[in-house]
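This report concerns only the one structure given below.
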Amino acid sequence: MADRIRIQKAIANAGLMSRRAAEEAMLAGRVLLNGKPVVLGDRVDPTADVLTLDGSPIPVSENLETHLLYKPEGVISTASDPQGRETVVDLVPSDRRLYPVGRLDSDSEGLILVSNDGELTHRVTHPSFGITKKYLAEVEGEMSRSTVSRLTVGIDLEDGPARAQSASLVDVRPGKSLVEMVMVEGRKREVRRMLETVGHPVTRLVRTAIGGLTDQRLKPGESRRLSPLEIQQLLAGP
């Protein structure tokens, strides 16, 4: 019982709201403990219980860490590598055992999450939760707007059809174009394969956002730990 804390304190400790606001949320039925409504005085075990606010999990365990990393090109999205190559985990300063959330190809760069939060990993990587990833792709050739439209209608790949949730032409210059794509699925090299199929091979690919998470201040190789509010907003989905 000593390890269990009052729910309003757990919510306040997570940085989401004050204890008073947490109590009001509890009284309004917005807070569930293991799927059941709570009452004032209920306690939560941060290591075992699932606490949700408005249907989204609340990160109450102090052992959970999630970092936003700008992965440089050439770094691989695994926790370790038998060939001794640098991994995304190597770039994140933490004493805990962390894992990449999803993947970002070695020859791509940009934002990736590194975490030990299994619930967050599941929600971010499974397409059913609808958490999008935004990419900026530099491609060969001068892309037409009709070709951009094909990306949202759907492209037939060898492992099935693929489509962007949205796509827009950012810039066109002699011999190259910039296109922004928002994706829900995360199949292997999906963005690259789609663009190559429409006749515009990728020369540079940068992931610029994960859900609502973005950070233009991060430079390649830099990371920062997400705040509890950012995690809760991410778990809340689109």
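Some values worked out for this structure:
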| read-out | value |
| --- | --- |
| Gyration tensor verdict on region 100-174 (Cα atoms; rounded if a/c is under 1.5, prolate if a/b is larger than b/c, oblate otherwise) | prolate |
| Region 132-210 - percent relative contact order, Cα under 8 Å, separation 6 or more | 46 |
| The chain: most fluctuating residue of PRO174, PRO82, PRO220 per GNM, C-alpha cutoff 10 Å | PRO82 |
| Sites matching trypsin sites (Lys or Arg not before Pro) across region 24-103 that sit in DSSP coil, with at most 15 neighbouring C-beta atoms within 10 Å | ARG30, ARG85, ARG96, ARG97 |
| Gyration tensor verdict on region 5-57 (Cα atoms; rounded if a/c is under 1.5, prolate if a/b is larger than b/c, oblate otherwise) | rounded |
| All lysines inside 24 Å of LYS9 as judged from Cα atoms, apart from same-chain residues fewer than 8 positions distant | LYS36 |
| Nearby lysines by direct alpha-carbon distance to LYS219 (threshold 19 angstrom, same-chain neighbours under 8 apart not counted) | LYS71, LYS133, LYS134 |
| Selected from LEU69, LEU157, LEU98 as most flexible by GNM, with the chain as the system and alpha-carbon contacts under 10 Å | LEU157 |
| Residue with peak Gaussian network fluctuation, the chain [Cα springs, cutoff 10 Å], from ILE112, ILE131, ILE155 | ILE155 |
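No value in this document is a laboratory result; all are computed from the given coordinates. None of these values were measured; they are calculated from a predicted model. Here the Cβ is made from the backbone with ideal geometry for all residues, glycine too, and neighbour counts use every protein chain on show.
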